[in-house]
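Before any comments, here is the structure.
The values are calculated or read from the model by the stated rules, or taken from the named source; none is laboratory data. Small disclaimer: the values here were computed from a predicted structure and weren't measured. Counting neighbours? That spans all protein chains shown, and the Cβs are built from the backbone with ideal geometry, glycine included. Accessible surface is based on the protein model in full, side chains and every heavy atom, while ligands, DNA and RNA are left aside. Shrake-Rupley method; radii C 1.70, N 1.55, O 1.52, S 1.80 Å.
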Amino acid sequence: MAHSEKLTPVLEKIDANLNIAIERLQELLKIPSVSTDPQYSSEVRRCAEFIVDDLKSIGLQATLHDTIGHPMIVATDDSAGPNAPRVLYYGHYDVQPPEPLEEWNSPPFDAAVIEGENGKRIVARGAADDKGQLMTFIEAIRAWKETHESLPVRVVILLEGEEESGSKSLVPFLNEHKKELQADTCIVCDTSMWDVNTPAITSRLRGLVYIEATLHGPSHDLHSGGYGGAVVNPANALTKILGQLHDDLGVIQVPGFYNDVESVSAEQIEQWNSLGDADVLILESSGAKATFGENGYGTLERLWSRPTCDINGLKAGYLGEGAKTVIGATATAKISCRLVANQKPKEIEKSLLAFLEERTPIGCNWTFKSHGTSPAITVPTESKWLSAASDALTNIFPNPAVLIGTGGSIPVVGEFQHILGVDAVMVGFSLDDDLIHAPNEKFEVSCFHRGIKSQAAILEAYASIND
Ligand code: BES
Ligand code: MN
Ligand code: MN
């Protein structure tokens, strides 16, 4: 489809400067901004400073704000004039830890560009989640400014450095900077596409409850010959309890777990099924040999509209090389539940803890840690902002944009609704096989390139919307 007179030269500039944009993204990816590990905190800060400098060089007003955790970045541009719509952009510049390092084919912070089945790709921790994605709107803004000097809309950018580690500064920061962050609409760029040629807007996110439960038995580790069969083994006891979380059909057994879960309309399921064969994509991108989950629901329905309860970590006994005959004094499980609309995170957390408490073996006791809770979020799909973004995507990609859900969580979207009163349009460019949070995370250059062009097209489309 033909693009407008103003957009065409911007898209041409993006094409011409793609290699420079890739190099800039590589520079950003070389900074190991791992937010969860205090050892990296100066790197997280260096990363924020790098981005602030870059935003200033484009001509934005950019500020690094210190918080009790990692810095927040806010940048604005009012070149569109006081009557233009104001668009809030969100991304996170922090990344997950790269471990296990030995699984990477090139070092996680080298940002190697290699050839893959869809052309070139950039391999690095954070390539798709979320540095490559946040650079799509920054590069689009750069190209607009370089071509026309001013932007078609007013812009405020918020970049977080704690998304991967609990976002503890987010709510206080949003409350404190509410005025500055006011916007008519918001683009959150941290989600995925349907496939490499099919862009997507995400309208539902799952919520999360995450606990760590330690079962304590004997006061210290014991010789398993001297004591095995005589006293309780916390590892045996814990795994037996964890085995009761689901029945054989994959249904969660925590009382009341499904009480607030709403069923999804037949039309919604039909729309999801019309997207294509999700099982093929899931099996391909996961390397699993079969799909599995709660009995009676299709794969997309389970992923996007059903809650889960998953063991995310297990620690007990001897985990080093070789064999050691030991009964460990404690056993620990990290357990997370993905939640869907209407489920109350605090209530689910309480029910889960009660489920474990009720099964406490004689001679044992629990200690629990909460790693946070967040509710599921749905954004309205009937907004002019969403439709305009969808049309813009459709104009850039080979296939039209589709509406999807995601099984992941982005708590900021709910906070934007509550605190700023703005619904996010979730537009993202990663693929299911980008290996986010895993070794060899990558971002396709074609996704990056089309992502930048889409963001440029969205900027233009939003100029003609009045609230
Ligand atoms: N970008 C992801 C969320 C995501 C994953 C969206 C896959 C779409 C597809 C985000 O950075 C993330 O990892 N979120 C965490 C949130 C948690 C730490 C509160 C998640 O979902 O586990
Ligand atoms: Mn992310
Ligand atoms: Mn993530």
Principal-axis tilt of helix 384-396 within the chain, Cα atoms, nearest 10 degrees: 80
Before I look further, what does segment 141-191 give for accessible area per residue, probe 1.4 Å, in whole square angstrom? 35
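Please label the shape of segment 364-467 as rounded, prolate or oblate, based on the square roots a ≥ b ≥ c of the eigenvalues of the alpha-carbon gyration tensor (a/c under 1.5 means rounded; beyond that, a/b larger than b/c means prolate, else oblate).
Working: a/c = 2.93, a/b = 1.44, b/c = 2.03.
Note, shape of segment 364-467 comes out oblate.
Probe radius 1.4 Å, ligands and nucleic acids left out: which of Ser150, Ser169, Ser263 has the largest accessible area, and how do the rest follow? Don't skip to the answer; put the middle values down first.
Numbers: Ser150 40, Ser169 5, Ser263 110 Å².
Output order, biggest surface exposure first: Ser263, Ser150, Ser169.
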Carbon and sulfur %, accessible surface of the chain computed with the full protein complex present, 1.4 Å: 49
Kindly identify segment 1-110 as rounded, prolate or oblate by the Cα gyration tensor criterion: order the square roots of the eigenvalues as a ≥ b ≥ c, call it rounded if a/c is under 1.5, otherwise compare a/b with b/c, prolate if a/b is larger, else oblate. oblate
Residue by residue, what Karplus-based ³J(HN,Hα) values in Hz, rounded to whole numbers, does segment 175-191 have, using 6.51, -1.76 and 1.60 with θ = phi - 60° and x for Gly and Pro? 5, 6, 10, 3, 4, 4, 9, 4, 8, 7, 7, 8, 10, 9, 10, 7, 10
Checking the cross-link filter: which lysines have an alpha carbon closer than 16 Å to that of Lys453, excluding same-chain neighbours under 8 positions apart? Lys6, Lys13, Lys145
Placing +1 on each Lys and Arg Cβ and -1 on each Asp and Glu Cβ in the chain, then taking the dipole about the Cα centre, the residue among Val427, Gly296, Thr360 whose Cα reaches farthest towards the positive end is Thr360
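When a/c reaches 1.5 or more, the comparison of a/b and b/c decides; with that in mind, is segment 166-245 rounded, prolate or oblate per its Cα gyration tensor? Could the numbers behind the result be given before it?
Values: a/c = 4.92, a/b = 2.29, b/c = 2.15.
Cα axes put segment 166-245 in the prolate bin.
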Residue-normalised accessible area of segment 1-93, given per residue in Å² at a 1.4 Å probe: 47
Whole Å is fine, so just give me how far the alpha carbon centre of segment 212-227 lies from that of segment 307-363. 16
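May I ask which of Lys289/Lys346; Lys240/Lys344; Lys178/Lys384; Lys56/Lys334 have a Cα-Cα span longer than 30 Å here?
Values: Lys289/Lys346 35 Å; Lys240/Lys344 27 Å; Lys178/Lys384 24 Å; Lys56/Lys334 42 Å.
Listed pairs above 30 Å: Lys289/Lys346; Lys56/Lys334.
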Need one value: the accessible area of Ser274 in square angstrom, 1.4 angstrom probe, rounded to the nearest 10. 90
When only alpha-carbon atoms are used, what values of Rg and Dmax, in angstrom, describe the chain? 23.6, 82
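From largest accessible area down, sort Asp279, Asp310, Asp54; use a 1.4 Å probe on the protein chains.
Numbers: Asp279 55, Asp310 75, Asp54 20 Å².
Of Asp279, Asp310, Asp54, the descending order of accessible area is Asp310, Asp279, Asp54.
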Using alpha carbons only, how many angstrom separate the centre of segment 140-198 from the centre of segment 25-47? 19
Which whole-number percent gives the relative contact order of segment 306-347, counting Cα pairs below 8 Å spaced six or more residues apart? 49
Output ³J(HN,Hα) for segment 329-338: one whole-Hz value per residue in order, computed from phi by the Karplus curve 6.51 cos²θ - 1.76 cosθ + 1.60 with θ = phi - 60°, and x for Gly and Pro. 5, 9, 9, 10, 10, 9, 10, 10, 10, 8
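Need one number: % antiparallel among DSSP beta bridges in the chain, to the nearest 5.
Working: 51 of 72 bridges.
Here the share of antiparallel DSSP bridges comes out near 70 percent.
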